[in-house]
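Trainee: Below is one structure. I have some questions about it.
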Amino acid sequence: MNRNTLVVGLGNPILGDDGVGWRVAERVQARLNDPDVDVLCLSLGGLSLMEHLAGYRRVLIVDAMTTGAPVGTLHRMSAQEMDELSIQHTASVHDLSLSAALTMGRELGLDLPDEIRVVGVEATPEFDFGERLSEAVGRAVPAASRAVLDWLGAVDCPARGVISESTRGR
C-alpha cells in the first residue's frame, strides 16, 4: 500500500521546548481535513522513525533544533541537510542518523519516500522538565503550523532556509 503524505512531530512533550514538534503536529491535525495525510507524534529518530516512514510518498518532519539562530526562528530544509547538522532526534550515539537509516531501509527493500522535508523551530539546547514551551518557541507554533499546511498544499517545498515570517518580538 502506498499512502500519500505523513507529517511527523518529533520530540518529547514533557521536556519543554523539545515538545514543539508535537504541538505543531497536533495543531496541523486539528486543521486538516484530508484523508491522504496522516499525522503522527513520535519521540525517536533513526531506525525507529524510518519504520514509520515506510509506504509514504512524501514526509514532513517538525522538530526542535539548535543551530545557533535566535530561539523561535523557523527553518525549512531537506532531511539530508537536517542530518548534516545532527539536529536533535535524527542523530544519536545509540542509533543511526536519519539518512543512514533511510539508506539501510532502502537497501533492505523498504518502500521509503523520496521527498522528506523538515520544518524546525529553533530552541535552546537545554530542555526543562514540563509541558510548557518557552515564550519564543510558543510564539513560533502558529507560523510553523502554517508552514506545514502550506507545504501540504504545495507540489514542492522550497529549498532550505528560514521561513520569511519573523516570530521574534511578537
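Trainee: Any chance you could run the full-extension gain for R106 through D150? It's 0.36 nm times the residue separation minus the Cα-Cα distance, nm to one decimal.
Mentor: Extra length available between R106 and D150 comes to 13.0 nm.
Trainee: Under a 5 Å amide H to amide H cut-off, with H placed in plane at 1.01 Å, what residues pair with V7 once short-range neighbours are removed?
Mentor: It is D38, V39, L40, L60, by chain and number.
Trainee: List every residue whose amide H lies under 5 Å from the amide H of G55, counting only residues 5 or more places away in sequence or on a different chain, with H placed 1.01 Å from N in the peptide plane.
Mentor: D111, L112
Trainee: Something else now. Could I have the simple spin-label model distance between R3 and Q80, label points 7 Å from Cα toward Cβ, reported in nm to one decimal?
Mentor: My value for the distance between the label points is 2.6 nm.
Trainee: Using the Karplus curve 6.51 cos²θ - 1.76 cosθ + 1.60 with θ = phi - 60°, work out ³J(HN,Hα) for each residue of the range 43-60 in order, rounded to whole Hz, and write x for Gly and Pro.
Mentor: Computed from phi, the couplings for the range 43-60 are 10, 10, x, x, 4, 4, 5, 4, 4, 6, 7, 4, x, 9, 7, 9, 9, 10 Hz.
Trainee: E115's amide H: which non-local residues (gap 5+, or another chain) put their own amide H closer than 5 Å, with H modeled 1.01 Å from N in plane and none for Pro or chain starts?
Mentor: Those lying under 5 Å, H to H, from E115 are V59.
Trainee: Express in whole angstrom the spacing between the alpha-carbon centres of the range 10-41 and the range 96-140.
Mentor: 12
Trainee: Could you run the Karplus curve 6.51 cos²θ - 1.76 cosθ + 1.60 with θ = phi - 60° over the range 135-152 and give me ³J(HN,Hα) per residue in whole Hz, x for Gly and Pro?
Mentor: Per-residue couplings from phi come out as 4, 5, 5, x, 5, 7, 4, x, 5, 5, 5, 4, 4, 5, 4, 5, 4, 4 Hz.
Trainee: How large is ³J(HN,Hα), in whole Hz, for each residue of the range 67-75 in order, when computed from phi with the Karplus curve 6.51 cos²θ - 1.76 cosθ + 1.60 and θ = phi - 60°, using x for Gly and Pro?
Mentor: In residue order, the calculated couplings are 10, x, 6, x, 4, x, 5, 9, 10 Hz.
We did not get these values from a lab; they are worked out from the coordinates using the rules stated. Treat the numbers as computed from the prediction; the structure is a model and nothing was measured. All Cβ positions, glycine included, derive from the backbone under ideal geometry; neighbour counts span all protein chains shown.
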